[in-house]
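The values are calculated or read from the model by the stated rules, or taken from the named source; none is laboratory data. None of these values were measured; they are calculated from a predicted model. In this analysis, Cβ positions are derived from the backbone assuming ideal geometry, glycine residues included, and neighbour counts consider all displayed protein chains. Surface areas here come from the heavy atoms of the whole protein model, side chains and all, with no ligands, DNA or RNA. Shrake-Rupley method; radii C 1.70, N 1.55, O 1.52, S 1.80 Å.
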Amino acid sequence: MAAMLTINGQPTEAICGRSLFDHAELLSIDVPTSCRKQGKCKECMVEVVEGMDLLSPLAEPERHLKGNFRLSCQATVAADDGLIRCHTMRRGHMRIERHAFGLPVSNQSLQLDAAVTRDGDRILIDGIEVDRSTGPILGIAMDLGTTTVVLRVVDLETGELIADTSFENPQRFGGSEVMSRIAYDTDHPGRLLMRTLCGYLTHAIEDFPVDPRSIYEVLVVGNSTMRDLFFRLNVYSIGQTPYQSITEIELAEGKRTTTSLTQTGQQSLLPIHPKARVYGAPIISGHVGADAAACMLAVDLAHEERLVAIMDIGTNTELILGNRHRILAASCPAGPAFEGGAIACGMPALDGAIEEVAIADNSSISLRVIGDIDPQGICGSGLVDAMSELLRTGQMNDKGRFEDDISRIDLFNGEGKSVYLLESDVNELAQAKGANVAGLHAVFSSYGIEFNDLDLFYLAGGFGRHLNIEASKRIGLVPSLPSAKIVQAGNTAIEGATIALLSRSKRQELEELVKRVEHCRLETHPDFFNFFVEGCQFKPVEPIPCAT
Ligand code: FES
């Protein structure tokens with residue numbers, strides 16, 4: 001009898017005493033590494049979803065890992081029987097989003113005005129020579145999400161998109177949401193979160209079909225915690241009321257004039273030109289970070305007369321409401337459920353994720369899977385579809401309870417892999433939805449308007465882009481607005497980052513815009529709890545009269 005092992009969904013016989021890394025190599029699975037299995041680089045991490053007890057005890061180089069994460073070069077098979085399932089940090093190409101979707105400004109129509117310019121063979125940043133080269137002048141726009149990291153390489157002279165990639169944020173070993181990452185970073189000296197991410201960024205940049213030394217500027221957006229961790233700042237204060245980035249505190253003390261950050265390529269540890277500039281876009285306030293700021297740029301809020309809302313659903317959902325006259329922003333701690341975290345078979349929207357679910361009259365289930373391969377898990381848009389279909393077919397009630405006392409619904413059963421939904425998963429999703437909906441109600445009531453007063457509702461983010469709108473309305477994830485008012489705008493954060501990378505004037509506009517945003521602190525809104533309880537139910541979102 002031999003134990004079985006599946007890595008990234010590929011099955012093999014598990015050999016006692018052999019490391020997970022060696023098994024992966026035999027399966028031709030690429031495991032990130034910079035130390036050749038020495039236990040030093042910490043990059044070869046895998047998440048063990050089944051059979052943790054069939055592996056060797058944690059080795060010394062793995063002491064930094066929390067939860068079900070192991071270093072594949074250190075963890076060896078320690079049983080002759082049973083099933084071990086694990087996966088490397090997932091990676092995939094973004095679903096092609098080369099054009100803006102329904103956005104007023106796109107980099108196609110943008111006036112190119114990059115900070116990096118050429119004068120003969122001289123390469124200049126803001127007029128200061130940094131290199132001599134006749135090669136291309138490239139830049140990277142980077143969106144550091146809590147769950148997923150997205151990179152775009154663009155030609156700074158033409159605006160052309162050269163390549164893009166996305167991967168699961170490997171900092172997940174320090175917790176799935178920002179508060180646990182802050183606690184982890186505070187408790188573990190040595191900048192382990194940043195160093196691990198940096199290893200993955202290095203591999204991603206080196207895999208692009210360009211010379212990394214021709215990358216002269218990187219524009220980083222992300223929520224306040226992700227951005228500050230990348231710039232190796234102390235993030236402790238973001239986790240403590242009143243939840244402020246150290247850059248915000250220093251701005252208030254007059255020690256800096258902006259919350260944006262700058263370092264050189266060399267300081268960033270990225271394999272780009274050492275004199276490149278790495279610019280961290282300014283944050284708005286508290287957890288409303290540089291990603292939300294970039295969204296404002298992408299929808300051209302500085303010039304917008306109409307009343308628009310932007311909702312970027314994620315681990316921390318960002319909400320922005322307003323127009324060029326007044327802007328309100330909030331951040332909702334929704335947790336990782338809609339990004340596939342805290343869900344038994346959840347995963348980010350990368351290859352292998354179920355993204356669409358339909359249940360026919362005869363109860364048969366049909367699925368659409370990203371990459372057209374066997375399902376490895378289910379991502380946020382698939383979860384929304386699944387709940388909507390279970391609700392529509394009466395297999396789940398509006399409290400999220402499955403009918404007939406069952407606690408698990410199978411979506412897919414294959415060799416060595418099944419994907420299912422538990423009632424406890426639905427409970428996680430209900431709470432994530434409750435936080436989002438409570439945020440919506442709180443922001444709209446603070447602004448003094450109803451949902452129907454809105455001209456446009458931008459659903460930002462990769463998740464928002466691929467949501468089934470009718471399903472989202474049915475379960476009450478988005479307000480019951482006419483579909484014509486809802487724009488599934490795609491990754492507006494990376495779009496905004498790209499715009500700021502290609503245009504100095506837009507970057508300046510962003511610096512000015514963030515100063516005008518009013519921060520709506522949800523934790524102090526008197527009706528927040530009522531809104532939350534209401535939002536946890538699976539039914540359409542309607543306006544709620546405020547008690548205040
Ligand atoms: S390969 Fe570097 S720590 Fe495992």
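Exactly one residue out of 237, 214 is surrounded by fewer than 22 Cβ atoms within 10 Å (Cβ to Cβ), in contact with a helix residue (DSSP H, G or I) (Cβ under 6 Å, 6 or more places away or on another chain) and modelled with pLDDT of 95 or more: that is 237. Just one of the numbered conditions (1) within 20 Å of residue 318 (Cα to Cα); (2) at pLDDT 90 or above; (3) among the hydroxyl-bearing types (Ser, Thr, Tyr) is not true of residue 524: (2).
Among the conditions (1) charged (D, E, K, R); (2) assigned to a strand (DSSP E or B); (3) crowded, with 19+ Cβ neighbours inside 10 Å, the only one that residue 518 does not satisfy is (3). If you take the residues in segment 1-50 that are among the β-branched types (Val, Ile, Thr) and in a strand (DSSP E or B), which one is nearest to the ligand (Cβ to nearest atom)? Among them, the one singled out is 46.
Among the residues of segment 410-429, those identified as closer than 21 Å to residue 473 by Cα and either in contact with a helix residue (DSSP H, G or I) (Cβ under 6 Å, 6 or more places away or on another chain) or open to solvent by less than 10 Å² (accessible area, probe 1.4 Å) (or both) are 421, 425, 426, 428, 429. Checked across segment 526-536, the condition of being of a type in the set (Gly, Ala, Ser) and touching a Leu at 6+ places or on another chain (Cβ under 7 Å) holds for no residue.
Just one of the listed residues (258, 202) is assigned to a helix (DSSP H, G or I) and either open to solvent by less than 10 Å² (accessible area, probe 1.4 Å) or under 30 Å from residue 110 (Cβ atoms) (or both), and it is 202. Residues of segment 1-31 that are on the phi > 0 side of the Ramachandran plot and either buried (at least 16 other Cβ atoms within 10 Å of the Cβ) or touching a Pro at 6+ places or on another chain (Cβ under 8 Å) (or both): 8, 9. With respect to residue 247, is the statement that it is in a loop (DSSP other than H, G, I, E, B), open to solvent by less than 50 Å² (accessible area, probe 1.4 Å) and within 17 Å of residue 511 (Cβ to Cβ) true? For residue 247, the condition - in a loop (DSSP other than H, G, I, E, B), open to solvent by less than 50 Å² (accessible area, probe 1.4 Å) and within 17 Å of residue 511 (Cβ to Cβ) - is not met.
Taking each residue of segment 49-72 that is in contact (Cβ under 8 Å) with a residue 60 or more places away in the chain and looking for partners that are part of a loop (DSSP other than H, G, I, E, B) with beta-carbon atoms closer than 7 Å, six or more apart or interchain, yields 64/188; 66/175.
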